[in-house]
Amino acid sequence: MLEQIHLLAAVTVLGVLEQAYFFLQVIHARRRFGISPPNISGPPEFERIFRAQVNSSEYFPIFVALLWQAGLFFHQGLAAALGLLYLYSRYCYFMGYRASSSDSLGMSYGSQGCLSEPSVAEGHPHSSTVMLGLSPSRLTPIYFSTGVLWVLVAAATLGLLHFFLSHYVGLNVLRLLAA
Amino acid sequence: MLEQIHLLAAVTVLGVLEQAYFFLQVIHARRRFGISPPNISGPPEFERIFRAQVNSSEYFPIFVALLWQAGLFFHQGLAAALGLLYLYSRYCYFMGYRASSSDSLGMSYGSQGCLSEPSVAEGHPHSSTVMLGLSPSRLTPIYFSTGVLWVLVAAATLGLLHFFLSHYVGLNVLRLLAA
Amino acid sequence: MLEQIHLLAAVTVLGVLEQAYFFLQVIHARRRFGISPPNISGPPEFERIFRAQVNSSEYFPIFVALLWQAGLFFHQGLAAALGLLYLYSRYCYFMGYRASSSDSLGMSYGSQGCLSEPSVAEGHPHSSTVMLGLSPSRLTPIYFSTGVLWVLVAAATLGLLHFFLSHYVGLNVLRLLAA
């Protein structure tokens, strides 16, 4: 059994380590800005780090659930590779969210909406390096990570459909396509 | 192995899609009310949608954990059916929460407490249609979805008890009852 | 298959019951302080209970993910025992967080930082009893529960490393050590 899940398990543990990193960033920011729990409001710099961690936390169970369904019913290796891609883009998102100045965020939001492509004028060298010259903000990573999740949804759904068809209807789609 | 979990996997993916729908509603509300992240406060209409999504997110890992234990140790089909019921009542909850006016919410809270039955005078036609004439608010769905979770807890606990008894004590309760 | 996961499943269901208890505490506090959803701000007493529940919710999927990887790839019994320890320390954390007065929290934070050891002068008899004479606050339990998670991370990582080495490299570390 372990043979069919060891890659998924490894990516899951890696995802946990990423969450731990985000938690440590919030603790570090609480100390730096002197914001004691249960307070969660403070300067925009703190609130961005806090929200980035909360957002990543919210998505973690969804990510793990999709990773495992896609890995069990579609292809373990592909699901694990997509999982690594997701964790990487989450890291970029966190870094971009933390780095983005509240002014440029407000502007880009006011003019273009919540998840629209930001103006190139912002220019965060670090993020742009991380994302290999792509749009320098948290918005590209969040688009990208959401895209990866949708691919995992598609893989899980296709795998499940294939299983349901061959199990209940006796219809083996892959064999039909090969014939 | 996949035969014993395919229904659980399908309900899990469906649950992820529901979460995605709730996330999209929050993004839509952020745009509509002009509330840029990391802000999470705004008009009551926005805060209700935001809180409904956060609440559903918090319950998602609990739901998935229970679904799988109940499905693996009690009965896959029953657990999956309860899972569908849960997802349906969560949808009603989200719609009811979003629709409830803050005045009636405040009143019903002030007089009757956080999870009490609301007065029939409120009258939200949409929710009442959704819930087939039951109490027109988010409170009935949240009661209902919590009830489904408790049934899943009971199923998982019974299944585990049965497994522990037959595995460690050698006591097969079902065979005893049948004899 | 169930034989290899029944202890993990039992601890998972126990973890869900603990989460349910924390949720009920928040509902109780909402009623007591008259704070209607979607409001999440109120007197410090309420906010501490609310934040303690949110914090425990955030960690729940991480805990479950680690518990299962450590149990599947390292040792089920050890992972389950660590899981029980984690749930116990989470309970102490919740009780300590709820009990700590905001004044002492503010002081201990201001002088010593977010996760530092609190002064012995605080003295919460209940917590100190629970933790068998250890430091009387939420900070010791949170340290302890985080420590348990790191042990689970280590167990899962070691177990996965062992599996990867023996599966891909054909290197059985345990047999080498025994020889």
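Every number here is computed from the coordinates shown, using simple stated rules; none is lab data. Values in this document were obtained by computation on a predicted structure and should not be read as measured data. Here the Cβ is made from the backbone with ideal geometry for all residues, glycine too, and neighbour counts use every protein chain on show.
State which residue pairs qualify: first residue closer than 16 Å to B:F63 by Cβ and inside the range C:11-30, second residue among the charged types (D, E, K, R) and surrounded by 15 or more Cβ atoms within 10 Å (Cβ to Cβ) in any location, beta carbons under 7 Å apart, and separation of 6 or more residues or different chains. Hits for this filter: C:E18/C:R90. Report whether or not B:L72 is part of a helix (DSSP H, G or I), surrounded by fewer than 18 Cβ atoms within 10 Å (Cβ to Cβ), of a type outside the set (G, A, S) and at negative phi. So B:L72 fails the test. The numbered conditions (1) more than 9 Å from every other protein chain (Cβ to nearest Cβ); (2) farther than 23 Å from C:F23 by Cα are all true for C:L85 except (2).
Considering only residues in the range A:1-30 that are more than 7 Å from chain C (Cβ to nearest Cβ) and of a type in the set (G, A, S), the one that is farthest from B:I5 (Cα to Cα) turns out to be A:A29. Can you pull out every residue in the range A:31-45 that is small (G, A, S) and either within 7 Å of chain C (Cβ to nearest Cβ) or surrounded by 21 or more Cβ atoms within 10 Å (Cβ to Cβ) (or both)? Scanning the range A:31-45 gives a single hit, A:S36.
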